[in-house]
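**Student:** Submitted below is the structure of interest, expressed as structure tokens.
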Amino acid sequence: MTAPKVLSRGQMKRPLITVLNGPNLNMLGLRQPGIYGHATLDDVEQVCIQAAERLDVAIDFRQTNGEGELVSWVQECRGRADGIVINPAAYGHTSIALLDALLAVELPVIEVHISNIHRREPFRHHTYVSQAAIGVICGLGVRGYAHALQAITDMIEDEG
């Protein structure tokens, strides 16, 4: 779903929050449901759409399995979006390129993980993305996305 900034009732542009999802999240509902639950990526998108409507913000929801594409999408946010919610999935643990892109766009970033990465394998305890994020939400399942959208909307409103 790609949602451009649209005019709200007061003729002011609604903040645009880009929601980015990394590798294997297209397999939600099928991949390790004991860890990630039974919700699909479509369910995650619906959670985000409902939260965005409640918060009166626009979202641009995307998923990719490619690191380069994810980095390019982050770069596209500069000058276009007001904030980023990102579930980098495994790229959070491995991608310095993703960290560099998030730092370069100079936008508020909230990192989301469906599972509690700190209760999992030791290599999952550290993410590079956390160094660019103003907050991290993990272990709350797909509800974490709604919490992230609420938090980033609050921060955008506080700045504006």
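**Student:** Go through region 27-85 and report how many residues are free of Cβ contacts under 8 Å to residues at least 60 places away in the same chain, of a type in the set (Val, Ile, Thr) and open to solvent by 40 Å² or more (accessible area, probe 1.4 Å).
**Tutor:** Number satisfying all stated conditions: 1.
**Student:** Next question. If you go through region 104-124, how many residues are over 13 Å from the mean Cα position of the chain (by Cα), within 27 Å of GLU159 (Cα to Cα) and surrounded by 13 or more Cβ atoms within 10 Å (Cβ to Cβ)?
**Tutor:** The first filter runs over region 104-124 and keeps only residues over 13 Å from the mean Cα position of the chain (by Cα), leaving 104-106, 115-124.
Add one more test, that the residue is within 27 Å of GLU159 (Cα to Cα), and what stays is 104-106.
If we keep only those that are surrounded by 13 or more Cβ atoms within 10 Å (Cβ to Cβ) as well, we get 104-105.
Total meeting the criteria: 2.
**Student:** Also: Any residue at all in region 116-128 that is touching a Phe, Trp or Tyr at 6+ places or on another chain (Cβ under 7 Å) and closer than 21 Å to ASN26 by Cβ?
**Tutor:** Taking every residue of region 116-128 in turn, none turns out to be touching a Phe, Trp or Tyr at 6+ places or on another chain (Cβ under 7 Å) and closer than 21 Å to ASN26 by Cβ.
**Student:** Quick check: is even one residue across region 125-136 touching a residue at least 60 places away in the same chain (Cβ under 8 Å), of a type in the set (A, V, I, L, M), surrounded by fewer than 21 Cβ atoms within 10 Å (Cβ to Cβ) and touching a Pro at 6+ places or on another chain (Cβ under 6 Å)?
**Tutor:** No, that holds for no residue.
**Student:** Failed condition for ILE86, given (1) part of a helix (DSSP H, G or I); (2) modelled with pLDDT of 95 or more, with all others met?
**Tutor:** The single condition ILE86 does not satisfy is (1).
**Student:** With (1) part of a loop (DSSP other than H, G, I, E, B); (2) under 15 Å from VAL112 (Cα atoms) as the list, and LEU30 as the residue in question, which single condition is left unmet?
**Tutor:** Unmet for LEU30, out of (1) part of a loop (DSSP other than H, G, I, E, B); (2) under 15 Å from VAL112 (Cα atoms): (2).
**Student:** State yes or no: is GLN11 out of contact with any Gly (no Cβ under 9 Å at 6 or more places or on another chain), open to solvent by 30 Å² or more (accessible area, probe 1.4 Å) and at pLDDT 95 or above?
**Tutor:** No: the conditions fail for GLN11.
**Student:** Let me ask something else about it. I need the full set of residues from region 33-78 which are at positive phi and modelled with pLDDT under 95, in order please.
**Tutor:** The answer is GLY37, and nothing else.
The values are calculated or read from the model by the stated rules, or taken from the named source; none is laboratory data. Please read all numbers here as calculations on a predicted model, not as lab measurements. Cβ atoms come from the backbone with ideal geometry, glycine included; neighbour counts cover every protein chain shown. Protein only, heavy atoms only, side chains kept; ligands, DNA and RNA dropped before computing areas. Shrake-Rupley method; radii C 1.70, N 1.55, O 1.52, S 1.80 Å.
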